[in-house]
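The values are calculated or read from the model by the stated rules, or taken from the named source; none is laboratory data. It should be emphasised that the depicted structure is a prediction, and the values quoted were computed from it without experimental measurement. In this analysis, Cβ positions are derived from the backbone assuming ideal geometry, glycine residues included, and neighbour counts consider all displayed protein chains. The protein model used for the area step is the full one, side chains on, heavy atoms only, and it has no ligands, DNA or RNA in it. Shrake-Rupley method; radii C 1.70, N 1.55, O 1.52, S 1.80 Å.
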Amino acid sequence: MQLSDRYNPKDVEEKTYLWWENNGYFNAEDVSTKPPFSIILPPPNVTGSLHLGHALDHTIQDVLVRWKRMSGFNTLWLPGTDHAGIATQSVVERELKKEGKTRKELGREAFVDRVWEWKHQYGDRIVSQMKRLGDSCDWRRQVFTLDEGVSKAVRKVFVDLYERQLIYKGTRLINWSPDLESALSDLEVEYKEVKGSLYHIRYDLEGGSGSVVIATTRPETLLADAAVAVNPEDERYESMVGKKLKLPILGRSLPIIADSYVEKEFGTGALKVTPAHDFNDYEIGQRHGLESINILNKNGTLNENAGKFNKMKVQEARNQIIKELEESGQLLKVEPHVHQVGHCSRTNCVVEPFLSEQWFVKTAPLAEGAKRVVESGTIRFEPESWTKTYLHWMSIIQDWCISRQLWWGHRIPAWYCSDCNHVIVAESDPIECEKCQSENLKQDEDVLDTWFSSGLWPFSTMGWPDDTETQKTFYPTNVLVTGHDIIFFWVARMIMQGLDCKKDVPFRTVYIHGLIRDAQGKKMSKSTGNAEDPLELIDEVGADALRFTLMAQMASGRDLKFSRQRLEGYRNFMNKVWNAARFSLGALKNFEAPADAENATPNKASLSDADQWIVHKLGECEKTVDDALNQYRFSDAANAVYTFIWHEFCDWYLEFIKPVIYGEDSDEKQATQLILAQVLNRSMRLLHPFAPFITEEIYQKLPIKKEACVVDEYPHVKRDKDWLALGSGSVAEELDMVREVITAIRNIRGENRIKPGVQIKARLSPADDRVQKILGGNRSFITTLSKVSDLTIEQGGDLAKCAVTPVRAGNLAVDVIVPLEGLVDFEEEKKRLTKSIEKIEKEMSRLEKRLSNENFLKNAPDDIVEQGKIQLSEMKDQLKSMQEARARFS
């Protein structure tokens, strides 16, 4: 069966994915004799569109899932989507705005119905995009965070925590979006650099015996000041502590307090304390029992506590206050000041710290167990460096605000009796008050933070609180793949809630990957215009090229630089794989596969050196890939497969076997055809987790195959033990040397700009008799593949006006010598070499300077320092080689 002349991903991907899905290849079994392996897909927002971060996150998971499925595991990758409260509500509100309507005009019930309509129409967009990438999820089990089963779990957990007094309603400082009129999580606050001003304001002591100067970027908040704080060790203010200041404009009395939070060296060393409008000030206020004065309404305008500024917008009030301070002479200085200001990620309005009554989870009791399981190694972070970050966050954890003033989401299961004010918290909607039997009940208007339901995801998706076979088989899951930005928001909460509800951890390993940056290392974003759309990239080069580009650079925990150039390079790799398969299938035209063809072993005596070499190389590749995947070293695994297929199978093995394939020795040809078919089959299986579409398409055309590549066995040295015994380490070493000799001759040709069509002479000077014998036995390979017309194999000889390259392969050594008389202009070559020598000497000097700089050595990562040392060593070798060449040309 032949492949088409060119690989066109569009002809392959959609039909292949549909075929996999229809055949149930992604389906896991709740009861199976196979060992289980499970991953829960971090649920993307139902409003979302696949971005490059998703593509990376999902490809890592799919590589693991496909590898484990092929390795004989009962593999579950459980998919789902998140209702994304704020994001989805904002999308639908924008739609209503186009129609001249508002959410409040529509009313809660009608608005929620409208959001469900939107969800049914557009909610599966992200799922179809995930399929285009190749996500091999068990789609029969797809879950949505507002599904009935998840909602049941959410209510049960809320009620249980409330009854144990771990959920309470209280007034605390929270992030507030005035546009949404809702509380926000820290993750929904985006900090932007703003060019503002720093206002230096004089606060006078009562009685007129002195003053204190404070600096602020928000002068309007002075209306809510409760004190001025100084450091207890600051001698400048020692005599002032305990005295009173007169608040500018409002004239209220403010105490001067001492608190070690204040930095003596920062500004004037005096800090205005506004407990109701700053998180740090709130903590100071709690320590000193200060009043929290809220000056904001829910819509962001000032309230009656702001006196004459009541009902003004913040900016309007600020301008008026600055004017009055100038008039009173209390505004001493205004200077430009660039600072970070929190903005609502959905509406872009400035986020206000806001004192508000909300529902909270008391996290400290839940955090203790969540710390212990990481400290004990029950849950492991990869890379391990994130363990420290997680434990630090858990040690300073605050109570979690779980209520949102939205209409879309899990409504808080609390009801208020209008007759006796009793609060009922229940899993089922109550009919009457349990205290006074009144039916006059009203449900809490708020919904739960999206992260509350997300925290239950590993087990609510498996049918909890019911006792299901899915949970028995697949909980705890094996690994969670995610970015570092949600370790606290999601990972920590899943661990806390998993331990609390299931009495077991939700996963064993947390793999934290880096961010995707552009080729210059800048963060990708739509606003800077450097973001790439993965769906457009898939349209251009295919899903496999994109997946491989991401995996080939996926070094543990590091950010990844994405470039079109690399993407093109891996698209070329896919074309190379396709063309190699086409050539191989042509070479296997009359091949008849024996029984158990995958593992059949030809007579070793019939095997050529090239056959033994490629089998040995494949064994090395299988081991490297297995070790790397087991340690989450995705780039090492991908690059091992790449090197084997491109640089060993395509570049060399297919060249080495051409004389056999087109020769007359039928026994040798039959043996080589079997090895070729077996290696091609294993190569597709090795590559499959990284590039599933092209490998399945080729696999289906192979003379040796099973039902499907996606469910065939993953190559492994233990499973392939007998077949890999056909390889030979010593033969591999010998052919490696032959390969290096050919490469050296080709490089000499290229470096000296000798045209490909020009026949050249070469002399090989072997280190010993064994090397001489090996080179003699492979003379035809060397002359044919390096286009040498006259090859001499002998020790010693004159090196004048020759190019010389020493070659080493294991314990074997030979000097490759090519006479250049008549082929190059020696004077020009000397000039060129002199220029190159000067350039490399400058680069070496710069690198040596850096590597001797104590600050660089102290601050740079170890791998960067090591890389610099290796680079310097290579430069020294290069310099020596150039200097010797210049001497020979003289």
Within the stretch 779-838, track down each residue that is without any contact (Cβ under 8 Å) to a residue 24 or more places away in the chain, over 17 Å from Ile748 (Cα atoms) and among the β-branched types (Val, Ile, Thr). none
Under 6 Å between Cβ atoms, at least 6 apart or on separate chains: pull out the pairs that start in the stretch 5-26 with a residue that is touching a residue at least 40 places away in the same chain (Cβ under 8 Å) and over 15 Å from Ala545 (Cα atoms) and end on any residue that is open to solvent by 20 Å² or more (accessible area, probe 1.4 Å) and hydrophobic (A, V, I, L, M, F, W, C). Tyr25/Val711
Considering Ala600, Ala610, which residue is assigned to a loop (DSSP other than H, G, I, E, B), touching a residue at least 40 places away in the same chain (Cβ under 8 Å) and open to solvent by less than 50 Å² (accessible area, probe 1.4 Å)? Ala600
Screening Glu233, Glu193 for residues that are farther than 28 Å from Asn303 by Cβ and either under 43 Å from the mean Cα position of the chain (by Cα) or part of a strand (DSSP E or B) (or both) leaves only Glu193
Can you tell me which residues in the stretch 844-859 are of a type outside the set (Lys, Arg), in a helix (DSSP H, G or I) and open to solvent by 60 Å² or more (accessible area, probe 1.4 Å)? Ser845, Glu848, Glu854, Asn855, Leu857, Asn859
Which of (1) surrounded by 20 or more Cβ atoms within 10 Å (Cβ to Cβ); (2) modelled with pLDDT under 85 does Ala605 not meet, given it meets every other one? (1)
Asp533 under 29 Å from Arg6 (Cβ atoms) and crowded, with 19+ Cβ neighbours inside 10 Å: no
Of (1) open to solvent by less than 50 Å² (accessible area, probe 1.4 Å); (2) in contact with a helix residue (DSSP H, G or I) (Cβ under 7 Å, 6 or more places away or on another chain), Leu585 satisfies every one except (2)
Yes or no: Leu50 out of contact with any strand residue (DSSP E or B) (no Cβ under 9 Å at 6 or more places or on another chain), under 30 Å from Asn590 (Cβ atoms) and either modelled with pLDDT under 95 or open to solvent by less than 10 Å² (accessible area, probe 1.4 Å) (or both)? no
Under the condition of being under 39 Å from the mean Cα position of the chain (by Cα) and either without any contact (Cβ under 8 Å) to a residue 12 or more places away in the chain or crowded, with 20+ Cβ neighbours inside 10 Å (or both), which residue from the stretch 726-750 is farthest from Ser786 (Cα to Cα)? Gly727
Does the stretch 797-824 hold any residues that are open to solvent by less than 40 Å² (accessible area, probe 1.4 Å) and in a loop (DSSP other than H, G, I, E, B), and which are they? Leu820, Val824
Residues located in the stretch 98-150, provided they are closer than 28 Å to Asp544 by Cβ and in a loop (DSSP other than H, G, I, E, B): Gly123, Asp124, Gly134, Asp135, Ser136, Cys137, Asp138, Gln142
Listed residues Trp77, Trp67; which is part of a strand (DSSP E or B) and at pLDDT 95 or above? Trp77
Has the stretch 273-283 got any residue that is among the hydroxyl-bearing types (Ser, Thr, Tyr) and in contact with a helix residue (DSSP H, G or I) (Cβ under 6 Å, 6 or more places away or on another chain)? yes
Just for the stretch 287-338: of the residues that are among the small types (Gly, Ala, Ser) and part of a loop (DSSP other than H, G, I, E, B), which one is least open to solvent (accessible area, probe 1.4 Å)? Gly300
With Glu648, Glu592, Glu620 as the choices, which residue is outside any loop (DSSP other than H, G, I, E, B), open to solvent by 30 Å² or more (accessible area, probe 1.4 Å) and at negative phi? Glu620
Do we have Thr387 as open to solvent by 10 Å² or more (accessible area, probe 1.4 Å), β-branched (Val, Ile, Thr), over 22 Å from Val361 (Cα atoms) and within 23 Å of the chain's Cα centre (by Cα) here? yes
Hey, can you tell me all the residues within the stretch 656-672 that are touching a helix residue (DSSP H, G or I) at 6+ places or on another chain (Cβ under 7 Å), in contact (Cβ under 8 Å) with a residue 40 or more places away in the chain and buried (at least 16 other Cβ atoms within 10 Å of the Cβ)? Phe656, Ile657, Val660, Ile661, Glu668, Ala671, Thr672
Given the conditions (1) closer than 29 Å to Leu355 by Cβ; (2) open to solvent by less than 80 Å² (accessible area, probe 1.4 Å); (3) out of contact with any strand residue (DSSP E or B) (no Cβ under 7 Å at 6 or more places or on another chain), which single one is not true for Gly377? (1)
In the stretch 446-474, anything within 27 Å of the chain's Cα centre (by Cα), over 21 Å from Thr509 (Cβ atoms) and open to solvent by 10 Å² or more (accessible area, probe 1.4 Å) is listed as Thr450, Trp451
From Ile322, Ile256, which residue is touching a residue at least 40 places away in the same chain (Cβ under 8 Å) and more than 20 Å from Leu198 (Cβ to Cβ)? Ile256
Every residue in the stretch 1-11 that is open to solvent by 50 Å² or more (accessible area, probe 1.4 Å) and not small (Gly, Ala, Ser), please. Met1, Gln2, Asp5, Arg6, Asn8, Lys10, Asp11
Name the one entry in Arg770, Arg779, Arg753 that is closer than 18 Å to Phe656 by Cβ, surrounded by fewer than 18 Cβ atoms within 10 Å (Cβ to Cβ) and of a type in the set (Lys, Arg). Arg779
Residue ID - nearest to Thr450 (Cα to Cα), chosen from residues in the stretch 12-46 that are open to solvent by 30 Å² or more (accessible area, probe 1.4 Å) and of a type in the set (Val, Ile, Thr): Val31
Quick check on Ala640: is it among the aliphatic types (A, V, I, L, M) and within 25 Å of the chain's Cα centre (by Cα)? yes
Do you know which residues across the stretch 159-216 are open to solvent by 70 Å² or more (accessible area, probe 1.4 Å), at pLDDT 90 or above and closer than 28 Å to Thr268 by Cα? Lys195, Glu206
Of the residues Leu441, Leu406, which is in contact with a helix residue (DSSP H, G or I) (Cβ under 8 Å, 6 or more places away or on another chain) and closer than 30 Å to Trp116 by Cβ? Leu406
The lone exception for Ser683 - which of (1) open to solvent by less than 10 Å² (accessible area, probe 1.4 Å); (2) of a type in the set (S, T, N, Q); (3) in contact with a strand residue (DSSP E or B) (Cβ under 8 Å, 6 or more places away or on another chain) it fails: (3)
